[in-house]
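Inspection log for the structure reproduced underneath, given as structure tokens.
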Amino acid sequence: MKVLKVLKILLVLALIGSLLACASGRRERAEPPRVSLQSLKVDGTAVSMQLRVTNQSFGPMVFKRLTMDLTVAGVVAAKGQPIELNALRVPGLGTEVVSYAVNNAELAAATNQAKITYRLSGQALSEDGQFPFELDSILNQVPGSPGEFR
């Protein structure tokens, strides 16, 4: 009887230990985060942009930095540009917006069309690791707002 009681206690302790080990493990991300250009606005030679950081996983992510290469309408807007995010917390399946601005006459002149193409690539550094991103897409001019694209 005593042996049976000891075995039951050991079994319960083993189960509890297994559950605790599973709960404390590092979570795997179903999908890496996504970074895209949400909007662009030209004012003279000043070009301001809004970058969208999307967490495609269920758990929250905390981002430290983006490092990006950005080409808009064939003009290099950023090359290896670090953007400090100061512990930007993005909830699971959520999105946050980050501002970025440059003073670039060539880029401003290249945006005089109804839609512009862009290529955005780089690395997103979070507490969970470093995630590469790459996107080729377009922005369309906002009707009635020359120099503003979404």
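Where a number appears in this text, it was derived from the coordinates with a stated rule and is not lab data. Keep in mind that what you see is a predicted model, and the values were worked out from it rather than measured. Neighbour counts are summed over all protein chains in view; Cβ atoms, including those assigned to glycine, are modelled from backbone coordinates with ideal geometry.
Can you name the number of the only condition in (1) farther than 22 Å from Gln141 by Cα; (2) of a type outside the set (A, V, I, L, M, F, W, C); (3) in contact (Cβ under 8 Å) with a residue 40 or more places away in the chain that Thr45 fails?
(1)
Return yes or no: is Ala101 crowded, with 16+ Cβ neighbours inside 10 Å and hydrophobic (A, V, I, L, M, F, W, C)?
Taking the combined requirement at face value, the residue does not satisfy it.
Being crowded, with 17+ Cβ neighbours inside 10 Å and farther than 12 Å from Val47 by Cβ: is that true of Asp128 here?
In short, yes.
Just to be sure, is Val47 β-branched (Val, Ile, Thr) and either under 17 Å from the mean Cα position of the chain (by Cα) or within 19 Å of Glu31 (Cβ to Cβ) (or both)?
Judged against the criteria, Val47 is not a match.
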